[in-house]
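S.K.: A single structure is presented below for examination.
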Amino acid sequence: KQEVTQIPAALSVPEGENLVLNCSFTDSAIYNLQWFRQDPGKGLTSLLLIQSSQREQTSGRLNASLDKSSGRSTLYIAASQPGDSATYLCAVRGAIQGAQKLVFGQGTRLTINP
Amino acid sequence: DAGVTQSPTHLIKTRGQHVTLRCSPISGHKSVSWYQQVLGQGPQFIFQYYEKEERGRGNFPDRFSARQFPNYSSELNVNALLLGDSALYLCASSPTSGRSYNEQFFGPGTRLTVL
């Protein structure tokens, strides 16, 4: 059974800092990994999708890496801004064909202080 | 282009009642998935539908059911509501071709409160 863990559960940093969010998963047989952002009481916004054959993806100030063999992914946020404050969730899809089931971590609640 | 839409936004029900939640996927997306997110937790997979057929089911009781219509919209039904069903219910759609192949796009969710 796939399990996804995100550390830390909460993080508070001053504006302008670069930061790294961590995600680990127990079964390396994944199809892809997706990072999401969630604002309080809202739905999920897809940030980056990494296919199992890829090592990293970049979008603006965000960079996500994937190391399947060690069961880890990181989300790097450069030059953080107060508007980046949100909960960040990672989710993996298993490699077995069939349901597009995502298994989520519990998220990291990020606060950027002005 | 419109994103995934869900209705209603909020819903309050009492124990034992039945509820129907609705989802319209992004135009052109044929796959719809449903997730339950309890406060403070990550979303949990409930169902996936593709081309009107159930393709996957999570570890939820038979009180939960869903269906997909010819226009690819979907309904999630929950019978005999329990207090523990209180959660944010999220719908996601996914393309089956193109640059965003298999990426899941989520709607704003329906907040269900069971009293």
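The values are calculated or read from the model by the stated rules, or taken from the named source; none is laboratory data. Please read these numbers as outputs of a predicted model, since none were measured by experiment. No Cβ is skipped: glycine too gets one built from the backbone with ideal geometry, and neighbour counts run over all protein chains shown. Note: accessible area is taken over every heavy atom of the protein model, side chains too, but ligands, DNA and RNA are not part of it. Shrake-Rupley method; radii C 1.70, N 1.55, O 1.52, S 1.80 Å.
S.K.: Taking the residues in the stretch B:45-70 that are out of contact with any Phe, Trp or Tyr (no Cβ under 6 Å at 6 or more places or on another chain) and among the polar types (S, T, N, Q) as candidates, determine which candidate is farthest from B:Ala2 (Cα to Cα).
M.R.: That would be B:Asn59.
S.K.: While we're here: Is there any pair with a first residue in the stretch B:1-17 that is under 28 Å from B:Gly28 (Cα atoms) and a second that is at pLDDT below 95 and of a type in the set (Phe, Trp, Tyr) whose Cβ atoms are under 8 Å apart and which are 6 or more apart or on different chains, and what are they?
M.R.: Every condition considered, the pairs that remain are B:Gly3/B:Phe105; B:Val4/B:Phe105.
S.K.: Let me ask something additional. Those residues that are in contact with a Lys or Arg (Cβ under 9 Å, 6 or more places away or on another chain), of a type outside the set (Val, Ile, Thr) and more than 7 Å from chain B (Cβ to nearest Cβ), I need them from the stretch A:77-109; list them, please.
M.R.: Matches in the stretch A:77-109: A:Ala78, A:Ala79, A:Ser80, A:Gln81, A:Asp84, A:Ser85, A:Ala86, A:Tyr88, A:Arg93, A:Gly94.
S.K.: Still on this structure, I have one more. Suppose we filter B:Gly40, B:Gly98, B:Gly58 for residues that are over 21 Å from B:Val114 (Cβ atoms) and small (Gly, Ala, Ser); which single one remains?
M.R.: Result of the check over B:Gly40, B:Gly98, B:Gly58: B:Gly98.
S.K.: If I go through the stretch B:22-41 residue by residue, how many of them are in contact (Cβ under 8 Å) with a residue 12 or more places away in the chain and either under 30 Å from A:Ala10 (Cβ atoms) or surrounded by fewer than 21 Cβ atoms within 10 Å (Cβ to Cβ) (or both)?
M.R.: Total meeting the criteria: 13.
S.K.: Let me ask something else about it. Restrict the check to the stretch A:31-40 and report whether at least one residue is under 19 Å from A:Val92 (Cβ atoms), of a type in the set (Asp, Glu) and within 13 Å of another protein chain (Cβ to nearest Cβ).
M.R.: Checked against the condition, which is being under 19 Å from A:Val92 (Cβ atoms), of a type in the set (Asp, Glu) and within 13 Å of another protein chain (Cβ to nearest Cβ), the stretch A:31-40 yields no hits at all.
S.K.: For residues that are in contact with a strand residue (DSSP E or B) (Cβ under 8 Å, 6 or more places away or on another chain), modelled with pLDDT of 95 or more and small (Gly, Ala, Ser), tally how many sit in the stretch A:10-45.
M.R.: Final tally of qualifying residues: 3.
S.K.: Now a separate question. Within the stretch A:79-105, how many residues are touching a Leu at 6+ places or on another chain (Cβ under 8 Å) and either at pLDDT 95 or above or small (Gly, Ala, Ser) (or both)?
M.R.: 12
S.K.: Hey, can you tell me all the residues within the stretch A:39-52 that are under 17 Å from B:Leu39 (Cα atoms) and open to solvent by less than 20 Å² (accessible area, probe 1.4 Å)?
M.R.: A:Gly43, A:Leu44, listed by residue number.
S.K.: Can I ask one more? How about the stretch A:45-59: which of its residues are within 11 Å of chain B (Cβ to nearest Cβ), over 23 Å from A:Ala29 (Cβ atoms) and of a type in the set (S, T, N, Q)?
M.R.: Scanning the stretch A:45-59 gives a single hit, A:Thr45.
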